[in-house]
1. Given all pairs of different Cα atoms, what value in angstroms does the Kirkwood hydrodynamic radius of region 80-120 take?
2. Give me the net charge for the shell around Leu464: Cβ to Cβ below 15 angstrom, other residues only, Lys and Arg +1, Asp and Glu -1.
3. For region 31-96, what mean projected area does the convex hull of the alpha carbons give, in nm²?
4. Rank by packing, highest mean first: peptides 389-395, 254-260, 63-69, with packing defined as the count of other Cβ atoms within 10 Å averaged across residues.
5. For the ranges 98-109, 334-345, what's the packing order if you count other beta-carbon atoms within 10 Å of each residue, average per peptide, and put the highest first?
6. Taking the highest mean first, how do the peptides 484-493, 118-127 order by number of other beta carbon atoms within 10 angstrom per residue?
7. What is the sum of charges around Arg559, taking Lys and Arg as +1, Asp and Glu as -1, for the other residues whose C-beta is under 10 Å from the C-beta of Arg559?
Amino acid sequence: MSGRFRGHSRGGIAIAAAGAMIVLLGVLATLQYRWIGEVSSAERDRLRATAITAAETVAADFDADITRVVHHLGIPPGEIDPGRYLSRSAGTWAANVQNPEIVQGVYLAVRDLPDRPASLARVDLASGRTEPVEWPLPLSGVRAAIERSSQPPGDRNPRFPERPATAGALFRRPGVEIFDQVPALVIPPPPMPHMPHPDPDPGAHSHPEPAPSPWVVVQFDRHALVDVFLGRLVSREFGKAGELDVAVIRRGKPDDVVFRSRAGFAPASARAFDAEAPLFTIRPGGPAVGEPPMRMRRRESFGRAGGSGAWTLVAAHRSVTLQEAVDASRRRNLLVSSGILLLLAGSVATLLFSVHRAQRLAHQQFEFVAGITHELRTPLAAIRSAGQNLADGVVSDPERVRSYGSLVVREGRRLSGLIEGALDHAGIAARREARDFEAVSFSRVLGEAVAACRPLAAENESVLERDVPPDLPPIQGDESELRTLFENLVSNALKYGGRRGRVEIRARAKEDRIEVSVSDSGNGISPHDLPHIFEPFFRGAEVSSGVITGSGLGLSLVRRIAESHGGSVRVESPAGGGAIFHVSLPAAAAETGAPEEATS
């Protein structure tokens with residue numbers, strides 16, 4: 001009993017530990033769900049911040065080179081040779097930018113009289129010479145804008161003279177205009193220098209009217225500006241921002257796409273943009289006109305763009321919105337973590353199942369030890385008593401001596417059967433290799449098994465009936481094991497059939513198999529015990545209570561032998577009582593038949 005108590009104690013501890021693990025799994029699942037939600041929110045914010053930072057960096061670096069064009073190629077006040085100034089300034093500008101090839105040409109536009117069109121001269125930046133040219137077709141809009149905005153000197157109101165221009169006035173004055181469709185920049189002329197008030201005396205000395213300053217028109221190379229320069233910036237910044245599609249559109253026009261990072265990306269079809277930044281604008285800060293420009297420092301040299309640019313850079317997560325992508329990632333993380341938790345839960349369930357089986361096995365083993373000890377005690381006591389009487393000479397009559405001898409032989413056979421049953425169970429359980437069976441006479445094997453059980457039937461005063469046709473085919477198998485199979489079935493039916501019971505054995509040939517049934521007239525098997533009846537060491541409630549003796553190995557041997565021969569065994573217990581065991585075994589081929597030898 002102490003062993004059983006220790007087994008139950010260990011099982012209780014294991015069950016308590018498993019219960020604690022289940023509670024811990026619930027806590028872990030809750031914490032993990034909340035943690036994944038927080039991680040997903042943080043990931044969404046990080047991705048959005050990364051996209052916004054990348055968009056602003058691209059816009060700042062792109063606008064920096066555009067702003068430098070204004071700083072370097074604008075004409076300061078009082079410059080008498082704009083061509084040479086632009087030649088010198090362009091050389092300085094080209095040395096301080098990474099992409100001087102974005103400028104396709106520089107022009108000077110002048111309109112000296114209101115009734116005359118604006119003239120255009122191309123500047124050779126290498127020599128500083130200017131050459132009059134006709135207005136190119138792409139710059140027709142620029143020409144119209146200049147002619148609308150230009151004001152010849154004679155039209156100025158003399159009562160409101162201009163203040164003298166100072167360093168940096170070019171950038172601060174209004175009028176720098178971006179023509180993004182060309183693309184081009186138009187830098188207006190500096191303010192006119194201060195002129196003295198005209199003398200009303202016609203004889204007084206008068207100052208000549210100064211020549212008007214030209215407008216500077218900078219035409220960009222669209223391929224170098226957009227495809228090369230802008231494309232390189234987008235690739236550099238958004239290559240680390242995740243699966244984002246990037247496009248540059250004209251301000252407020254998602255259908256008018258200037259640049260796209262992927263051929264199939266349509267900004268107009270995007271449900272939401274993850275990042276936007278104004279692009280192609282003049283940014284405040286930087287060197288003033290006439291001052292040596294500083295080396296470019298990314299994002300520090302120029303301030304944040306004010307207002308809206310001519311273009312807008314937009315970024316959207318590929319195929320879905322950023323929130324949907326984060327939600328999908330969260331679902332994947334939840335599935336993975338749930339799978340891990342399910343594995344842990346499965347491990348706990350397996351542990352509980354193993355503990356339950358271990359407890360049941362320990363109980364069965366205890367019952368087996370108790371049962372086999374009881375079985376061994378009875379024959380040993382009878383043998384010792386008979387031997388002691390024979391040794392002491394108490395029995396001298398030859399007939400009684402033979403009776404005592406038969407008792408010793410019978411009980412010795414019973415002991416041998418118990419030992420052989422235990423050994424057979426261990427041997428069949430350990431044997432896994434394929435064996436070469438031979439054709440065995442079914443009638444002989446069954447007859448020998450029935451004959452071995454007749455003493456038990458006589459002891460119980462039971463009726464043993466056979467319904468076996470004489471022409472059944474042989475069985476392919478091991479004769480000794482098959483004899484053990486049928487002997488265990490019949491003896492089990494005799495024991496559980498009760499005193500003065502009836503045991504019926506029927507056999508029929510069906511196709512290539514032999515179907516055998518062994519039924520008894522006992523109390524039957526309880527539904528609770530029925531699923532476990534073929535398990536080793538299992539004994540039902542009646543057996544455990546000590547009504548019927550046994551080791552709990554007989555039916556386990558029956559199943560193992562049947563399965564090792566390619567057959568099967570099943571049991572049913574009708575409602576009216578009794579139990580019926582059905583055995584199906586493969587028949588041997590016709591040409592390998594063995595002679596039929598029945599034993600009654």
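1. Working: mean 1/r = 0.0814 Å⁻¹.
Result for region 80-120 stands at 12.3 Å.
2. Values: positive: Arg454, Arg466, Lys495, Arg499, Arg500, Arg502, Arg506; negative: Glu448, Glu459, Glu461, Glu465, Asp467, Glu487, Glu504, Asp520.
Net charge in that neighbourhood comes out at -1.
3. Numbers: hull surface 24.3 nm².
In nm², the orientation-averaged hull projection of region 31-96 is 6.1.
4. Values: 389-395: 11.3, 254-260: 16.3, 63-69: 21.7.
Most protected by this proxy first, the peptides run 63-69, 254-260, 389-395.
5. Numbers: 98-109: 18.8, 334-345: 13.2.
Listed from highest to lowest mean packing, they are 98-109, 334-345.
6. Details: 484-493: 24.3, 118-127: 17.4.
Descending packing order for the listed peptides: 484-493, 118-127.
7. Working: positive: Arg560, Arg570; negative: Glu535, Glu563.
Result for the local shell: 0.
Each reported figure results from applying straightforward, stated rules to the coordinates on display, with no laboratory input. Note that the structure is predicted; figures quoted are calculated from it, not measured. FYI the Cβ positions are ideal-geometry reconstructions off the backbone, even for glycines, and counts take in every protein chain you see.
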